[in-house]
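Notes follow the structure.
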């Protein structure tokens, strides 16, 4: 058992080798597994439960805002994918193609869905006839394939990932733009209140926006190594796709008009941000709102008192289980210490320990995963007190993540100070930018940092001249090295 226990331990420290720590912790905790296809991972029950939680709350909120679910084919004919030139130009290097059905070569190549605009809008063009058909708010939950050639990293950069694809069709530009804050607000709620992750919301630059769209808006997260990663996003597609796919309708005056469109998504990438932000050298740390097991009860017994302790542990687990997802670990083949290590590795938010002495004293020991603190709880109050602790853990984890992000955010008004901040504090540096592609590219080339997004509130933040060329700044922009 000792050899087995040693094998369970995390071999890398998060602060010393983040990359190795990250992959080590998600494999050893049985969160994910590698598959036979490079860059494609297996979501094991714990990780898929988290994704289900995200799907459930997001799906409910989308439906409350008039969105309906649908499902389109996973295969897209090449002729459709090529209809929007800018769109396919962005994806063509990542598209995986089906060329044969059995032993027969297909007449036309079929793309494995990298995104669904083209296959969806062929149908939407047939469905939209009148202003009465609008708005049409469609969503599908699926996985997509993008044959990423960089180093695949589970959740952060994979060749297959799961997401929602929201596609809205409106009669007016104003309606479409109003949707932005609704959708981004839903995503912020999910990230903050469920995943305990702070958000930086802003507009992408022209170079970073969605291919084929007019403007893109993203929610960015910060990893503990100081690198940023893009989370959920919303895109204003204008009438670009409507023109290509002839999505027209008769307006209230009986005249033909082109539809306005938007797209949006949240993906399993946010699980990577959750792991990286909250995990520690003992393993995963999962927010209570997200954990498949919120409380694990570990009885501590010897052969002669096993029945007594197990019986009491069952009563405790039953009481906790009235309001929480609980698991009673009554395995006989491993020691309590082994169980403690395993559940800490898996990131279960709260552990309840109970032995004969505890029973005699009318209490249990509660161990928090986030702080590793232990407290005594009276057995007759275990249900109520464990609920309090779970709520406190959720709030504490979010506060800690906010403080981490604050510690790695800077503002700079000179190029020298920006470079210094990127090297010393890392993270996000807010700086004035003239808006030119040339300066954006030069900064990225020289520092490795790109513009992740630009704050929506520019009027109260814009100050100074461009960080690179010294000309009048048009935007304040968040710069960071990014996955």
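Sort out which residues of segment 107-144 are touching a residue at least 40 places away in the same chain (Cβ under 8 Å), in a helix (DSSP H, G or I) and within 14 Å of residue 70 (Cβ to Cβ), and write them in order of number.
117, 119, 120, 121, 122, 123, 124 - these are the residues of segment 107-144 that are touching a residue at least 40 places away in the same chain (Cβ under 8 Å), in a helix (DSSP H, G or I) and within 14 Å of residue 70 (Cβ to Cβ).
For residues that are surrounded by 14 or more Cβ atoms within 10 Å (Cβ to Cβ) and within 29 Å of the chain's Cα centre (by Cα), scanning just segment 81-95, find the one that is modelled with the lowest pLDDT.
Result: 87.
Does any residue of segment 425-440 turn out to be modelled with pLDDT under 95, surrounded by fewer than 19 Cβ atoms within 10 Å (Cβ to Cβ) and over 21 Å from the mean Cα position of the chain (by Cα)?
Yes.
From the list 366, 416, 401, exactly one residue is in a helix (DSSP H, G or I) and outside the structural domain of residue 433 (by TED's automatic domain parsing). Which is it?
After applying the criteria, what remains is 401.
Let's see how each residue does on (1) in the same structural domain as residue 163 (by TED's automatic domain parsing); (2) within 18 Å of residue 164 (Cα to Cα); (3) in contact with a helix residue (DSSP H, G or I) (Cβ under 7 Å, 6 or more places away or on another chain):
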{"residue": "222", "(1), (2), (3)": "yes, no, yes"}
{"residue": "257", "(1), (2), (3)": "yes, no, no"}
{"residue": "261", "(1), (2), (3)": "yes, yes, yes"}
{"residue": "269", "(1), (2), (3)": "yes, yes, no"}
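Are any residues in segment 138-155 surrounded by fewer than 19 Cβ atoms within 10 Å (Cβ to Cβ) and touching a helix residue (DSSP H, G or I) at 6+ places or on another chain (Cβ under 9 Å), and if so, which ones?
Hits for segment 138-155 are 140, 141, 147, 148, 149, 153.
Assigned by TED's automatic domain parsing to the domain that holds residue 318 and either modelled with pLDDT of 95 or more or closer than 27 Å to residue 193 by Cα (or both): is that true of residue 388 in this structure?
Working: assigned by TED's automatic domain parsing to the domain that holds residue 318: yes; either modelled with pLDDT of 95 or more or closer than 27 Å to residue 193 by Cα (or both): yes.
The answer is yes for residue 388.
Quick check: is even one residue across segment 61-80 modelled with pLDDT under 95, part of a helix (DSSP H, G or I) and in contact with a strand residue (DSSP E or B) (Cβ under 7 Å, 6 or more places away or on another chain)?
yes
Restricting attention to segment 1-35, which residues are in a helix (DSSP H, G or I), at pLDDT below 95 and either farther than 26 Å from residue 482 by Cβ or in the same structural domain as residue 343 (by TED's automatic domain parsing) (or both)?
2, 3, 4, 5, 6, 7, 8
Restrict the check to segment 170-185 and report whether at least one residue is in the same structural domain as residue 35 (by TED's automatic domain parsing), closer than 15 Å to residue 268 by Cα and crowded, with 20+ Cβ neighbours inside 10 Å.
The answer is no, given that none of the residues of segment 170-185 is in the same structural domain as residue 35 (by TED's automatic domain parsing), closer than 15 Å to residue 268 by Cα and crowded, with 20+ Cβ neighbours inside 10 Å.
The values are calculated or read from the model by the stated rules, or taken from the named source; none is laboratory data. Every value quoted in this text rests on a predicted model; they were computed, and no experiment measured them. All Cβ positions, even for glycine, are placed from backbone atoms using ideal geometry, and neighbour counts span all protein chains on display.
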